[in-house]
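Contents: one structure, followed by commentary.
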Amino acid sequence: NQVVIEDIQPEVFHQLIRFIYTGRLTSTTMETMAARLFAAADKYLLDQLKSECESHLLRQMSAENCMELLLLSSDQIHPADELKKNAMDFFRRYPREVMATEGWKKARQENPNHSIWNLL
């Protein structure tokens with residue numbers, strides 16, 4: 001008997017289960033998969049995990065990942081208003097720096113019709 005979960009990577013699901021049982025994640029885990037854990041926590045209604053991931057992502061925001069975080073915050077089932085607000089504020093403060101990154105180019109290329117472009 002198996003349960004097949006196709007929309008989450010096995011390593012992310014493993015850490016999600018670890019968090020459910022222990023209430024903790026390593027700093028390495030947060031460094032390597034905070035955004036993916038954030039999305040999974042949102043989907044599975046794990047508010048504490050989502051909050052911890054969001055705090056980590058806010059501390060790590062940069063010109064390179066600003067658009068990724070803005071898109072991530074906009075695509076959640078349940079609002080990620082703080083992350084979205086901070087990413088928007090970061091973009092408004094550093095528009096040239098953000099638009100000069102590969103993260104910006106990738107976001108424009110992979111999400112050309114996303115509603116977030118109307119906000120910028």
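Computed from the coordinates by the stated procedures, all read-outs in this text should not be read as laboratory data. No experiment lies behind these values; they were computed from the predicted model shown. Note that each Cβ is placed from the backbone with ideal geometry, even for glycine, and that neighbours are counted across all protein chains shown.
Among Lys50, Lys84, which comes first, then next, by fewest other beta-carbon atoms within 10 Å?
Lys84, Lys50
Cβ crowding within 10 Å ranks Thr26, Thr32 as Thr26, Thr32, fewest other Cβ atoms first. Here the chain has an Rg and Dmax of 15.0, 53 Å, counting Cα atoms alone. What shape does region 1-60 take by its C-alpha gyration tensor, where a ≥ b ≥ c are the square roots of the eigenvalues and a/c under 1.5 counts as rounded, a/b above b/c as prolate, and the rest as oblate? Taking the square roots of the gyration eigenvalues as a ≥ b ≥ c, region 1-60 is prolate. When the Cα gyration tensor is reduced to axis lengths a ≥ b ≥ c, the ratio a/c is 1.5 or higher for region 62-120, and with a/b not above b/c it is classed as oblate. Fewest neighbouring Cβ atoms within 10 Å first, the residues Ser115, Ser73, Ser55 line up as Ser115, Ser55, Ser73.
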